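**Student:** Just passing along the structure, written as structure tokens.
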Amino acid sequence: MKGLFTLISTIFIATSAMATAPKSDYVVLASRAVVEDAQWQSVVEALADRHNAEVVCFESMPREAMKQLKRLNPRYVAIVDMPENIGRDYVIDIHHVSRDIDKDIFADFMWGIVTGYDADAAMRMIENSREPLVVKDAVATIMELNSAKWFDNYAWVDDHTKGLWGEKRGRDGEITTGMVAPEEVLRKFTELYAEYDPDLIVTAAHATQKNLEMPYSLGNLKPRDGKLYAEDRFTKEEWDLEESGKRRVYAAVGNCLIGDINNTRESMAVAWMNGSNATTMIGYVVTTWHGRNGWGALKYWVTNPERYTLAESVYINQQDFLYQQNEWYPELIDERYNYLDGFEEELTTAANRLAEVLGRELSFESAEDWDMIGFWHDRDVLVYYGDPKWEVRLQSANEQDYTVSSERRGKEYIVTITTGENFSLERMRGDKFKQEHVLDLPFSYIFPERLKSPQVIDSNGWKSVIDENFLLIYDAPLEPSSKYEIVIKTK
């Protein structure tokens, strides 16, 4: 099989030399292990056919394909690899690769990792993302989505009141709540999961690569043979999570470590993707305590239902806080955070490094200093599993009070913001959703096409940040029933 890898690599290099332009804006990266396995190689071929994508091979780490990535300059990258090859440092390095295509501080492509318990599971992920998904039904272990305005049907167990649970049946249904004994919370969650058969699961409790705890540690979900089962904390009883086989989205926005495959297919992430059919999953690959990356991605998604896919929400959130981080300490924008086993040691090490850069001591009592450390910690550790071009969106919350459009006028590119009479600036900024982790959002727009060397030449005097892929505007005082134009010069 070694000859096959060499042959494919040689074919790619020859094709690259002859090509004058990439086939599309999508690249599939495939590891040597994948290319040398006929079943896994079929996953690569299916994904490449779907997107008319170039295929680039690497030996063990995606960074080895940097030369080809710079030449192709894709807008989307899918990395196909076996779970045994994927761990924390693998994910962290992909984040850095995404920013190393050119010299600015921002990520130059959206990316996702396509993997699975086996090749069949990875192929199912590809097939499940063939058609768009509009999320209608959800279950959660958090209380932040309890307005349920995005969902037809929604149920949750609460992480702020022990034993509290709630549900909404029907798009216009009323929210009702109830109480169960603490020892019944795990059973209640699995019953709601089976009954509501959700498109979306959102969690934020204690977790590791091997378990997900209910709020207040009232029982666990665990992986076994690529599937999830429940383990009662009190009786030690076990039962399988009931599955219907429908495709799902799993957003582990506040869980420690659950996104870390940890170089084994016997992990929580793989079990969610395999047994529970999570076609896309986001989660942390380290212990999380600040939360800007996960909660920020969710805040962008719920603030922009219909407008952003989940992958776009993850992407634009990261660009927003990359900009903010760079404003604080540009010297560290490429420096890797030192993840240590002891929380106090890790925090002290990070604070000392920041103090060295800033020329002053940091205080853990200062919200800004806490954010400075937290942004650095969170920057490169949220992973997106799945096809980054999959159209998965939330339903409208019947609050579409502004629209954004764009058009070319010669060498100018015009972005037009039109607000309705019921426009709410506070709602556009996130309605204070999870404000302790993510402050007010800027206006954001992902261009439908990549712009060449864009420069804002008229932003109504507002503070704007532009890249070839997006536009951010901070503190824009938008008003109802108004129209605003942002003029961009581009080549």
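**Student:** On average, how much accessible surface per residue is there in the chain, in Å², for a 1.4 Å probe, leaving out ligands, DNA and RNA?
**Tutor:** Using a 1.4 Å probe on heavy atoms only, each residue of the chain averages 40 Å².
**Student:** For the stretch 400-491, what is the per residue volume of the convex hull drawn over the alpha-carbon atoms, in cubic angstrom?
**Tutor:** Per-residue hull volume (Cα only) is 97 Å³.
**Student:** If you take the beta carbon distance between Glu45 and Asp197 as r and set R0 to 25 Å, what does 1/(1 + (r/R0)^6) give as a FRET efficiency, to the nearest 0.05?
**Tutor:** 0.20
**Student:** Separate question: Which of the lysines could a cross-linker span from Lys236 if the Cα-Cα distance has to be under 19 Å and same-chain partners fewer than 8 positions apart are dropped?
**Tutor:** Lys236 reaches Lys188, Lys210, Lys222, Lys227.
**Student:** What are the semi-axes of the equivalent ellipsoid of the stretch 448-491, taken as the square roots of 5 times the eigenvalues of the Cα gyration tensor, listed largest first and rounded to whole Å?
**Tutor:** Ellipsoid semi-axes (Å, largest first): 21, 10, 10.
**Student:** Can you pull the one-decimal nm distance between simple spin-label points at Ser481 and Asn352, each 7 Å off the Cα toward Cβ?
**Tutor:** 6.1
**Student:** Where a ≥ b ≥ c are the square roots of the eigenvalues of the C-alpha gyration tensor, would you call the stretch 22-84 rounded, which needs a/c under 1.5, or, failing that, prolate if a/b is larger than b/c, or oblate?
**Tutor:** Note, shape of the stretch 22-84 comes out oblate.
**Student:** Take the Cβ-Cβ distance between Glu266 and Ile175 as r, set R0 to 45 Å, and report the resulting FRET efficiency rounded to the nearest 0.05.
**Tutor:** Once rounded, the FRET efficiency stands at 0.75.
**Student:** Is the shape of the stretch 252-358 rounded, prolate or oblate, going by the alpha carbon gyration tensor and its root eigenvalues a ≥ b ≥ c, with a/c under 1.5 for rounded and a/b larger than b/c for prolate?
**Tutor:** oblate
**Student:** Still on this model: Fully extended, how many nm does the chain gain between Lys489 and Asn338 (0.36 nm per residue separation, minus their Cα-Cα distance)?
**Tutor:** Using 0.36 nm per residue and subtracting the Cα-Cα distance, I get 50.4 nm.
**Student:** For Ile457 and Ala367, compute 0.36 nm times the residue count separating them, minus their Cα-Cα distance, and round to one decimal in nm.
**Tutor:** Stretched fully, the Ile457-Ala367 segment lengthens by 29.0 nm.
**Student:** Using R₀ = 60 Å, calculate the FRET efficiency as 1/(1 + (r/R₀)^6) where r is the Cβ-Cβ separation of Glu238 and Glu412; round to 0.05.
**Tutor:** E(calc), rounded to 0.05, equals 0.45.
**Student:** Students often get this wrong, so try it: which of (1) 26.3, 90; (2) 21.7, 65; (3) 22.5, 70 is Rg and Dmax of the Cα atoms in Å as calculated from the structure shown?
**Tutor:** Matching the structure shown: (3).
**Student:** Once neighbouring chains are kept in place and the probe is 1.4 Å, which whole percent of the accessible area of the chain is contributed by carbon and sulfur?
**Tutor:** 47
**Student:** If Lys and Arg each add +1 and Asp and Glu each add -1, what is the summed charge of the other residues whose beta carbon sits under 15 Å from the beta carbon of Ser481?
**Tutor:** So the surrounding residues net to -2.
**Student:** Quick check: from the Cα gyration tensor, does the stretch 122-229 come out rounded (a/c under 1.5), prolate or oblate?
**Tutor:** In terms of gyration-tensor shape, oblate.
The values are calculated or read from the model by the stated rules, or taken from the named source; none is laboratory data. Given the structure is predicted, the values throughout are model-derived calculations rather than measurements. Positions of Cβ are generated from backbone atoms using ideal geometry, with glycine treated the same way; all protein chains shown enter the neighbour counts. These accessible areas exclude ligands, DNA and RNA; they are computed on the full protein's heavy atoms, side chains included. Shrake-Rupley method; radii C 1.70, N 1.55, O 1.52, S 1.80 Å.
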